[in-house]
Amino acid sequence: MFTASRLGQLLRRGVLSLPAAVLGVSTITACAPTTNTPTATASAPAANFTGVWDSPGRTIDDGVAAGYPVNIGSTEWALLSAGPPEQAKLQDFDTVKTEVEKIINDKGDVFAWARSRAFRPPLTEAAMATQKAAMAARAKEPRAPYARCLPGNSIGIGGTAQIFQTEKRVVIVPENGSVRSIYIDGEAGRENSNTAYAGYSAGRWEGKSLVVTTTNFLGDTINGWPASDQAKVEETYTLSEDGNRLSVKIVYSDAVNLKEPVARMVYLDRKPEDTLLIESNCLENLAGAAEFARTLGHNYDQGVLP
């Protein structure tokens with residue numbers, strides 16, 4: 001859905017992935033949960049997540065910092081040991097706007113500032129060695145990962161997505177057009193499932209909350225961090241009483257590469273039934289990011305950002 005700057009949506013995925021172009025539009029078709037009698041292998045849905053959801057965000061609309069996004073619908077990643085992510089504060093738009101405008105007016109490097117704010121996970125020594133080797137390999141052929149445009153591993157749910165739901169499955173379709181299935185009471189299928197970029201997700205109802213565990217990720221990075229075959233994402237989806245706010249608690253752990261789990265919250269608002277979901281494309285995202293960078297005096301070759 002194109003309700004906020006594509007720049008903002010991309011920045012939430014990576015510090016320097018900024019605005020993007022739109023490829024196409026797909027029409028939304030509402031899908032109500034079925035009313036079949038629950039079987040022994042599927043729990044009756046305790047909440048209806050069907051619809052289009054968007055994480056709130058704002059963009060600075062005036063001055064030299066115009067176009068800069070501020071994510072006000074998700075908390076930053078933090079150590080789980082620092083406290084429950086539900087208690088973490090969201091970004092204050094006016095505070096971020098003032099700081100960004102000051103940096104740009106002082107001819108500072110807003111990209112360096114953004115990098116300094118990025119969360120640094122508690123990587124193990126093994127993870128740091130893996131990351132260093134990957135950076136060295138990328139330096140020899142810097143455009144290859146972008147040219148191939150491989151899908152990224154999924155950690156929870158992104159800023160905008162469409163959800164379809166039945167008794168046995170919850171399907172999440174984010175803006176990148178990928179499809180992620182959550183199998184209700186599907187734990188028995190994990191051992192024999194194939195690896196996938198979005199992993200294998202099994203969910204269960206705990207009261208009115210859907211608790212999801214995802215493993216079996218394909219690829220060696222998640223969120224840009226080194227990932228092993230022990231990487232695991234645990235999510236809790238909880239719908240507000242009025243059905244218009246979806247809160248998602250996300251906890252990521254990897255016994256090989258992280259010293260301890262990290263967590264964040266994503267808050268999504270239900271959009272009208274006729275809302276359109278607009279698909280993004282990674283190659284055009286990079287081109288858009290480079291174009292924005294040039295407006296701030298940077299000239300990154302062909303959209304390849306450091």
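The values are calculated or read from the model by the stated rules, or taken from the named source; none is laboratory data. Remember, predicted model here, so these are calculated numbers, not experimental data. Cβ atoms come from the backbone with ideal geometry, glycine included; neighbour counts cover every protein chain shown.
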- When you go through (1) over 30 Å from Thr221 (Cα atoms); (2) surrounded by fewer than 12 Cβ atoms within 10 Å (Cβ to Cβ) one by one for Gly108, which number turns out not to apply? (2)
- Note on the structure: Of the candidates Glu125, Glu141, the one satisfying the condition of being acidic (Asp, Glu), closer than 22 Å to Ala227 by Cα and at pLDDT below 85 is Glu141
- Note on the structure: Condition set modelled with pLDDT of 90 or more and either assigned to a strand (DSSP E or B) or not β-branched (Val, Ile, Thr) (or both), scope the stretch 58-68, selection nearest to Leu239 (Cα to Cα): answer is Arg58
- Message: Looking only at residues that are without any contact (Cβ under 8 Å) to a residue 24 or more places away in the chain and assigned to a helix (DSSP H, G or I) in the stretch 104-127, which one is farthest from the chain's Cα centre (by Cα)?
- Response: Glu125
- Take the residues in the stretch 144-188 that are of a type in the set (A, V, I, L, M, F, W, C) and at pLDDT below 90, then tell me which one is surrounded by the most Cβ atoms within 10 Å (Cβ to Cβ). Ile155
- Message: With within 30 Å of Lys132 (Cβ to Cβ) and either within 17 Å of the chain's Cα centre (by Cα) or among the aromatic types (Phe, Trp, Tyr) (or both) as the only criterion, which of Ala255, Ala227 stands out?
- Response: Ala227
- Query: If you go through the stretch 217-271 one residue at a time, how many are part of a loop (DSSP other than H, G, I, E, B), touching a residue at least 60 places away in the same chain (Cβ under 8 Å) and farther than 25 Å from Glu191 by Cα?
  - Reply: 4
